[in-house]
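Report on one structure; see the data block that follows.
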Amino acid sequence: GAVSVGGSDRLVDPGLAAVWGLGRVAALEVPDRWGGLVDLPEVLDVRAGARLAGVLAAGGGGEDQVAVRGSGVFGRRLVRAVPAGAVDASWNPCPSGTVLVTGGTGALGVEVARWLAGRGVPHLVLTSRRGVAPEGLVEELSGLGARVTVVACDVADREALAEVVAGVPVDVPLMGVVHAAGVVDDGLLEGLSSERLVSVMAPKVDGLVNLDVVTSGLPVEWLVVFSSLAGTVGSAGQGNYAAANACVDAWVEWRRGRGLPAVSVAWGPWAEGGMAAGGVVVERLRRGGVRPLDVEFALRVFAEAVRGGVDVTVADIDWERFVPGFASARPSRLLAELPEVAAVVPALPAGGGGPGLRDQLEGVPDGRRRQVLLDVVRAQAAAVLGHAGAQAVEPDRAFRDLGF
């Protein structure tokens with residue numbers, strides 16, 4: 001019940017989706033020890049059990065995110081979103097009410113607040129743990145015509161959040177919500193404690209659950225949740241963050257299933273900031289083929305989400321860099337239906353079906369084996385680091401000095 005395959009197959013338990021987010025990171029960090037993810041039907045009858053046995057016996061074949069259902073076995077795919085169409089520049093998403101922005105004083109929250117104020121939203125409530133806005137922000141938003149309230153609130157604290165919502169003036173009722181709160185605490189799975197997992201999941205997941213509860217019965221017309229690319233495809237070193245974002249993606253789907261408004265946007269890094277704004281993080285992502293998003297473009301996508309879009313992942317990807325790093329250590333069918341990926345995959349070295357390294361070396365004269373081995377190591381290192389080719393990897397430099 002952690003995932004849905006669409007149609008009448010409703011998602012049952014969004015909390016379990018966190019396991020899927022964690023698993024996507026395990027596939028990247030420990031590819032030789034990770035089997036994959038299988039979601040079972042609520043009733044595991046003989047037919048479903050046979051299908052599960054078939055999945056396990058098949059050895060994957062690149063399928064490592066699978067849902068077993070009464071109607072068959074389904075593999076997960078990332079597909080191109082259908083453009084929702086441009087939102088008119090004069091459109092006001094909340095002409096007579098309040099919009100609450102959690103994480104509203106962070107880099108992304110500030111950009112969203114500027115956009116909302118510029119569209120004529122009359123009242124903005126910006127929350128953060130410290131409740132301190134960047135210098136000049138309140139004056140800037142007021143100059144655009146918006147009343148601004150900045151509040152210190154940990155969204156994981158339901159009572160504190162309820163107090164904030166109760167304080168919204170009756171003449172401008174709460175009608176829109178942007179959940180952009182979140183923290184990161186990066187580290188590999190082997191060093192991930194339960195405390196570090198909880199600390200990252202609390203503002204993102206507990207915050208959304210609390211928003212769901214405290215806005216019950218209010219005239220909220222739209223709720224947009226800021227999720228992350230890490231939860232969609234995985235991100236090495238971000239197991240807790242991927243788990244949290246996969247969980248909120250599922251919670252949004254579950255909320256819609258109850259007839260309530262909600263949409264999730266899983267962002268890649270924004271060019272002007274966000275939790276991936278640090279130089280080291282941005283450089284690591286860029287090296288792996290993930291480029292920072294243009295802010296104006298991101299805000300156009302945000303507008304489409306507010307107007308009633310579908311859940312999307314939004315990222316600027318250099319596929320020639322991204323795909324080798326994503327698939328070099330472990331085959332995956334997740335990206336198989338993207339045409340850009342199909343253009344890259346034929347150029348990649350053959351996977352497990354080709355000759356092994358021992359076979360390659362046995363077919364080479366003794367005097368050339370060292371060079372062949374060196375070429376293989378350099379090519380694999382280049383793929384992992386996101387370089388265009390083996391020539392970028394100097395053979396006499398230590399792996400750590402190269403960026404591992």
*With respect to ARG130, determine if the residue is of a type outside the set (A, V, I, L, M, F, W, C), in a loop (DSSP other than H, G, I, E, B) and either on the phi < 0 side of the Ramachandran plot or in contact with a Pro (Cβ under 8 Å, 6 or more places away or on another chain) (or both).*
yes
*Determine whether GLY21 is at pLDDT 95 or above, surrounded by 14 or more Cβ atoms within 10 Å (Cβ to Cβ) and not assigned by TED's automatic domain parsing to the domain that holds LEU218.*
yes
*Take the stretch 159-214 and flag every residue that is assigned to a loop (DSSP other than H, G, I, E, B) and either under 18 Å from LEU100 (Cβ atoms) or polar (S, T, N, Q) (or both).*
GLY167, VAL168, PRO169, VAL170, ASP171, VAL172, PRO173, ALA180, ALA181, GLY182, SER193
*Which residues, taken from the stretch 54-68, are at negative phi, part of a loop (DSSP other than H, G, I, E, B) and either surrounded by fewer than 16 Cβ atoms within 10 Å (Cβ to Cβ) or of a type in the set (Gly, Ala, Ser) (or both)?*
ALA58
*Based on what the data block shows, is LEU16 touching a Gly at 6+ places or on another chain (Cβ under 8 Å), within 19 Å of ALA336 (Cα to Cα) and of a type outside the set (Val, Ile, Thr)?*
no
_Tell me the residue from ALA180, ALA202 that is surrounded by fewer than 23 Cβ atoms within 10 Å (Cβ to Cβ) and among the hydrophobic types (A, V, I, L, M, F, W, C), please._
ALA202
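Conditions (1) surrounded by fewer than 24 Cβ atoms within 10 Å (Cβ to Cβ); (2) among the hydrophobic types (A, V, I, L, M, F, W, C); (3) assigned by TED's automatic domain parsing to the domain that holds LEU126, marked per residue:
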position	(1), (2), (3)
LEU189	yes, yes, yes
VAL198	yes, yes, yes
GLY207	no, no, yes
LEU229	yes, yes, yes
ALA250	no, yes, yes
ARG258	yes, no, yes
*Find the residue count for the stretch 296-322, including only residues that are surrounded by fewer than 16 Cβ atoms within 10 Å (Cβ to Cβ) and among the β-branched types (Val, Ile, Thr).*
1
*Check off (1) at positive phi; (2) surrounded by fewer than 24 Cβ atoms within 10 Å (Cβ to Cβ) for TRP254 and give me the number that stays unchecked.*
(1)
*Identify, please: which residue in the stretch 355-404 is surrounded by fewer than 15 Cβ atoms within 10 Å (Cβ to Cβ) and among the small types (Gly, Ala, Ser) and is, among those, nearest to ARG321 (Cα to Cα)?*
ALA388
*Would you please name the residue that is nearest to ARG307 (Cα to Cα), looking only at residues in the stretch 69-93 that are surrounded by 13 or more Cβ atoms within 10 Å (Cβ to Cβ) and among the small types (Gly, Ala, Ser)?*
ALA84
*Would you point out which residue out of VAL87, VAL82, VAL3, VAL43 is outside the structural domain of VAL170 (by TED's automatic domain parsing), in a loop (DSSP other than H, G, I, E, B), under 30 Å from GLU139 (Cα atoms) and among the β-branched types (Val, Ile, Thr)?*
VAL87
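The values are calculated or read from the model by the stated rules, or taken from the named source; none is laboratory data. Because the structure is predicted, anything quoted here is derived from the model rather than measured. Using ideal geometry, Cβ is built from the backbone for each residue, glycine included, and neighbour counts are taken over all protein chains shown.
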